[in-house]
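Colleague: Mind looking over this structure? Questions follow.
The values are calculated or read from the model by the stated rules, or taken from the named source; none is laboratory data. Keep in mind the model is a prediction, meaning the values are calculated, not measured. Please note: Cβ atoms are built from the backbone with ideal geometry, for glycine as well, and neighbour counts cover all protein chains shown.
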Amino acid sequence: AQSVTQLGSHVSVSEGALVLLRCNYSSSVPPYLFWYVQYPNQGLQLLLKYTSAATLVKGINGFEAEFKKSETSFHLTKPSAHMSDAAEYFCAVSESNAGKSTFGDGTTLTVKP
Amino acid sequence: GAGVSQSPRYKVAKRGQDVALRCDPISGHVSLFWYQQALGQGPEFLTYFQNEAQLDKSGLPSDRFFAERPEGSVSTLKIQRTQQEDSAVYLCASSINSLTGYGYTFGSGTRLTVV
């Protein structure tokens, strides 16, 4: 069975500081991994995805994530936070070539001026 | 259309009432998913269609929940005899094909409140 754990339900950083949102996964087969962002009263938007190609994945808005099989991790980073990055972020895993993804409970990112 | 469209945006139902939630996916997207998102939690899988075929309904919480996609485009999620625990945001997502690696495009969701 697949599962996702997001460490830290709330993360607060200062504008311009490094953003690090943690995600660990469990999967019985090589996984597909995703990060989504959700702004208030909106649906989830795909930030980036890992599909067994390069282990360092670059996404939209300057975010990137690194797949580390030995650590079963897929942490999301951004070198310099912007006020507009304040949102909720979800990590998700999928095992199969078709079908459902399993989402973590999300991390709310707050950016302080 | 340009994105995944869901209607209504908000729905208040009295306990015991039946509701129908509509999803209009991106034109040409083969795969369509329904998720339930409770307050403060991540989305939880309900069901999945590939074209008109419902391939996985393992996440539907009870036989009061029913989903259909008769022509392989618009989908409807129906909840019969609503209960308070059904209160949540219902998210629809579509994907260009059946390969999960493409990721989803989500709609804005329908917020259901059962009173």
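Colleague: Which of the residues that make up the range B:32-60 are closer than 20 Å to A:GLY106 by Cα, within 14 Å of the chain's Cα centre (by Cα) and surrounded by 16 or more Cβ atoms within 10 Å (Cβ to Cβ)?
Modeller: Once the filter is applied, which keeps residues that are closer than 20 Å to A:GLY106 by Cα, within 14 Å of the chain's Cα centre (by Cα) and surrounded by 16 or more Cβ atoms within 10 Å (Cβ to Cβ), the range B:32-60 yields B:PHE33, B:TRP34, B:TYR35, B:GLN36, B:GLN37, B:PRO43, B:GLU44, B:PHE45, B:LEU46, B:GLY59.
Table: residues versus (1) at pLDDT below 95; (2) small (Gly, Ala, Ser).
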position: B:VAL12; (1), (2): no, no
position: B:GLY16; (1), (2): no, yes
position: B:GLN50; (1), (2): yes, no
position: B:GLN84; (1), (2): no, no
position: B:TYR90; (1), (2): no, no
position: B:TYR102; (1), (2): yes, no
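Colleague: Can A:GLN42 be described as within 11 Å of another protein chain (Cβ to nearest Cβ), within 23 Å of B:GLY59 (Cα to Cα) and without any contact (Cβ under 8 Å) to a residue 24 or more places away in the chain? Even if it seems obvious, please write down each step before you answer.
Modeller: Details: within 11 Å of another protein chain (Cβ to nearest Cβ): yes; within 23 Å of B:GLY59 (Cα to Cα): yes; without any contact (Cβ under 8 Å) to a residue 24 or more places away in the chain: yes.
Criteria met by A:GLN42.
Colleague: Quick test for you: out of A:ALA81, A:ALA65, A:ALA86, pick the one residue that is surrounded by 14 or more Cβ atoms within 10 Å (Cβ to Cβ) and closer than 28 Å to B:SER7 by Cα.
Modeller: Numbers: A:ALA81 fails: closer than 28 Å to B:SER7 by Cα; A:ALA65 fails: closer than 28 Å to B:SER7 by Cα.
Only one candidate passes the filter, namely A:ALA86.
Colleague: OK, next. Take the range A:49-73 and flag every residue that is within 14 Å of another protein chain (Cβ to nearest Cβ), of a type outside the set (D, E, K, R) and without any contact (Cβ under 8 Å) to a residue 24 or more places away in the chain.
Modeller: A:THR51, A:SER52, A:ALA53, A:ALA54, A:VAL57, A:ILE60
Colleague: When the range B:61-105 is examined, which residues are found to be surrounded by 21 or more Cβ atoms within 10 Å (Cβ to Cβ), within 14 Å of chain A (Cβ to nearest Cβ), assigned to a loop (DSSP other than H, G, I, E, B) and touching a residue at least 12 places away in the same chain (Cβ under 8 Å)?
Modeller: B:TYR104 - this is the single residue of the range B:61-105 that is surrounded by 21 or more Cβ atoms within 10 Å (Cβ to Cβ), within 14 Å of chain A (Cβ to nearest Cβ), assigned to a loop (DSSP other than H, G, I, E, B) and touching a residue at least 12 places away in the same chain (Cβ under 8 Å).
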